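Shown next, in structure tokens, is the structure this report addresses.
The values are calculated or read from the model by the stated rules, or taken from the named source; none is laboratory data. Because the structure is predicted, anything quoted here is derived from the model rather than measured. FYI the Cβ positions are ideal-geometry reconstructions off the backbone, even for glycines, and counts take in every protein chain you see. The accessibility values were calculated without ligands, DNA or RNA, using every heavy atom of the protein model including side chains. Shrake-Rupley method; radii C 1.70, N 1.55, O 1.52, S 1.80 Å.
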Amino acid sequence: MADTAMVDVAIVGGGLVGASVALGLAGSRLRVALIEPAPLDARPPQWDERCIAINHASVRVLQGLGVWPQLALQAAPILSTHVSERGRFGVARFSAAESGLDALGYNLPVRQLGEVLWQRAAQAPVQVVAPMRLTGASPGDDHVGLTLADGRRMTARLLVAADGAQSPVRGWMGVGAQTHDYRQSAIVTAVRCSRPHRGCAYERFTPEGPIALLPKPWAQEDRLCSLIWTTPSPLVADRMQTDDARFLSQAQEVFGGRLGRFEQLGRRQAHPLQRVVGSSLTAARTVFVGNAAQALHPVAAQGFNLGLRDAATLTELLATADDPGDAALLRAYGQRREADRRRMAGFTDGVVRLFSNRVPGLSGLRHLGLLALDLVPGLHETVLWQNLGYAGHSPQAAREP
Ligand SMILES: Cc1cc2nc3c(=O)[nH]c(=O)nc-3n(C[C@H](O)[C@H](O)[C@H](O)COP(=O)(O)OP(=O)(O)OC[C@H]3O[C@@H](n4cnc5c(N)ncnc54)[C@H](O)[C@@H]3O)c2cc1C
């Protein structure tokens with residue numbers, strides 16, 4: 001800590017996105033500090049039992065960061081997706097084969113992803129300031145002044161706010177956010193099914209919210225799935241507390257029999273769901289990345305994928321910067337990221353609203369929508385490419401093959 005007083009870039013928050021920015025800058029000539037309240041040899045609480053789905057573009061970014069070979073050992077390939085609505089026949093299907101790819105993406109344990117990113121960041125020429133919380137930030141002309149929880153001070157020419165959906169940095173920098181409480185939680189667990197998943201990720205919409213089963217990486221077994229069940233708030237306590245047999249039979253009734261019988265259940269966790277979209281991606285000598293910029297409903301599995309594109313765009317811009325907090329660089333970052341995040345936030349929110357209500361006219365629209373996604377070639381391709389992570393301006397590290 002002795003020489004952390006002045007750095008070029010201070011990254012606040014060592015979650016998945018902050019750690020990715022740190023690794024991306026590790027080879028640069030910039031002096032970088034990463035500030036995180038969790039100790040380096042422990043795990044932040046958000047690296048839990050969950051798996052997250054990463055898309056094709058994200059795999060390319062992680063390859064560029066040099067962490068993919070290690071992550072691939074524990075990643076389950078997603079070879080196809082199958083999207084349906086309970087009680088209707090329309091189905092939208094996407095496959096890696098139709099796009100000439102090995103996989104559409106991968107499902108991997110969030111803990112594994114976090115640990116690998118941290119291990120690499122700790123080995124890199126990055127000053128890891130942990131366990132330590134940032135307690136204040138104030139912008140000056142050529143730096144941001146930072147106050148740490150132990151009273152020490154630092155200055156940085158650029159502050160990277162990777163401090164999550166409730167971002168304290170947003171408050172200190174006077175940046176607002178639009179928040180929407182979905183009044184739902186995602187109940188996340190693992191399910192062993194009687195039929196193999198064959199690499200298919202299923203998502204089934206119901207008026208209560210979607211239920212998704214994704215291939216879960218576990219040795220060579222292909223009957224284990226991650227289950228994410230979006231549950232209205234009044235039902236969460238019951239679904240969390242009921243015994244395994246009843247939970248399995250309720251989930252089975254909603255999901256149906258595509259994967260055979262649900263035979264065994266893992267540990268359950270509930271994540272309350274909110275959308276938080278910051279009103280700006282930048283402030284004086286500050287950029288927002290990952291959940292600090294936008295936290296989305298997990299229905300489209302886009303949060304980390306989007307945050308990784310924030311990280312890759314920022315590291316790309318910083319590679320040639322003389323002054324990392326220069327106003328022109330901040331403007332370029334905002335311009336490159338705004339359309340992508342607006343599109344994904346709008347798409348994700350639209351899917352939640354369209355599929356989470358019982359208005360009769362909308363039911364027909366949903367049905368037509370799923371059929372169109374399956375059958376209309378231009379639309380099918382557009383959505384496929386977007387889900388692979390290749391819509392709009394992509395950072396170089398995440399360009400389509
Ligand atoms: C149920 C669920 C399923 C999901 N599934 C997917 C998926 O399949 N695919 C996908 O792409 N995304 C998914 N996501 C979203 C994804 O998990 C998040 O977008 C991603 O983890 C956000 O990472 P982050 O680093 O931006 O934020 P966070 O993980 O919130 O990290 C913020 C960090 O900032 C630190 N911090 C906070 N305050 C301070 C401070 N004052 N000083 C210093 N540090 C501070 C915290 O300790 C923390 O480590 C899912 C989310 C949920 C809830």
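Remark: accessible surface ordering of Trp229, Trp68 (largest first) is Trp68, Trp229, probe radius 1.4 Å. Amide H to amide H, with H built 1.01 Å from N, Gly66 comes under 5 Å of no residue 5 or more places away or on another chain.
Using the Kirkwood formula over every pair of different C-alpha atoms, what hydrodynamic radius in Å results for the stretch 14-139? All intermediate terms of the calculation are to be shown ahead of the outcome.
Details: mean 1/r = 0.0606 Å⁻¹.
The answer is 16.5 Å.
Taking the alpha carbon gyration tensor of the stretch 236-366, what are the square roots of 5 times its eigenvalues, largest first, to the nearest whole Å? Numbers along the way, then the final one.
Working: eigenvalues 317, 67, 32 Å².
Whole-Å semi-axes of the equivalent ellipsoid: 40, 18, 13.
3J(HN,Hα) couplings calculated from phi for the stretch 21-26 with the Karplus curve 6.51 cos²θ - 1.76 cosθ + 1.60 (θ = phi - 60°) are, in sequence order, 5, 4, 5, x, 8, 4 Hz; Gly and Pro show x.
Taking the DSSP bridge list for the chain and keeping only pairs wholly inside it, about 70 percent are antiparallel.
Evaluated at q = 0.16 Å⁻¹, the base-10 log of the normalised Debye intensity for the stretch 48-91, with identical point scatterers placed on the Cα atoms, takes the values -0.59.
Rolling a 1.4 Å probe across all protein chains gives Ser138 an accessible area of roughly 70 Å².
Put simply, the stretch 9-85 fits an ellipsoid with semi-axes of 27, 17, 11 Å; these come from the alpha carbon gyration tensor as the roots of five times its eigenvalues, largest first.
Across the chain, the mean sequence separation of Cα contacts (distance under 8 Å, 6 or more residues apart), normalised by length, yields a relative contact order of 21 percent. Out of all Cα-Cα pairs in the stretch 229-313, roughly what percent, to the nearest whole number, are more than 20 Å apart? The proportion of pairs with Cα distances above 20 Å equals 53 percent.
Which three semi-axes in whole Å describe the equivalent ellipsoid of the stretch 140-246, each the square root of 5 times a Cα gyration tensor eigenvalue, listed largest first?
Details: eigenvalues 351, 77, 38 Å².
Ellipsoid semi-axes (Å, largest first): 42, 20, 14.
Each Lys or Arg adds one and each Asp or Glu takes one away; over the other residues whose Cβ falls under 9 Å from the Cβ of Glu263, this sums to +3. Note on Ser194: accessible area is roughly 40 Å² with a 1.4 Å probe, heavy atoms of protein only. Estimated from helices alone, the mean residue ellipticity of the chain at 222 nm is -10500 deg cm²/dmol (sum of -39500 (n - 2.57) over DSSP H runs with n ≥ 4, per residue).
Within the stretch 86-219, the ratio Rg/Rh, alpha carbon atoms throughout and Rh by Kirkwood, equals 1.09. Starting from a Cα-only point model with no solvent, please compute log10 I(q)/I(0) by Debye for the stretch 277-334 at q = 0.21, 0.23, 0.30 1/Å. Reported log10 I(q)/I(0), two decimals: -0.78, -0.89, -1.25.
Charges only on Cβ, +1 for Lys and Arg, -1 for Asp and Glu: so what's the dipole of the chain about the Cα centre, in debye to the nearest 20?
Details: 41 positive and 35 negative charges, 153 e Å.
Rounded to the nearest 20 debye, it is 740 debye.
Counting every pair of alpha carbons in the chain, the share spaced more than 25 Å apart comes to 56 percent.
Across the stretch 298-315, coupling constants 3J(HN,Hα) worked out from phi with the 6.51/-1.76/1.60 Karplus curve, θ = phi - 60°, read x, 3, 9, 6, 10, x, 5, 4, 5, x, 5, 6, 4, 4, 5, 5, 5, 5 Hz, and Gly and Pro carry x. List the relative contact order of the stretch 164-236 as a percent without decimals, with contacts defined as Cα pairs under 8 Å and 6+ residues apart. Relative contact order, the stretch 164-236: 34 percent.
With every protein chain left in place, what is the accessible area of His56 in Å² (1.4 Å probe, nearest 10)? Using a 1.4 Å probe on the heavy atoms, I get roughly 40 Å². Using a 10 angstrom cutoff on alpha carbons, build the Gaussian network for the chain and name the most mobile of Arg192, Arg267, Arg120. The residue with the greatest mean-square fluctuation here is Arg267.
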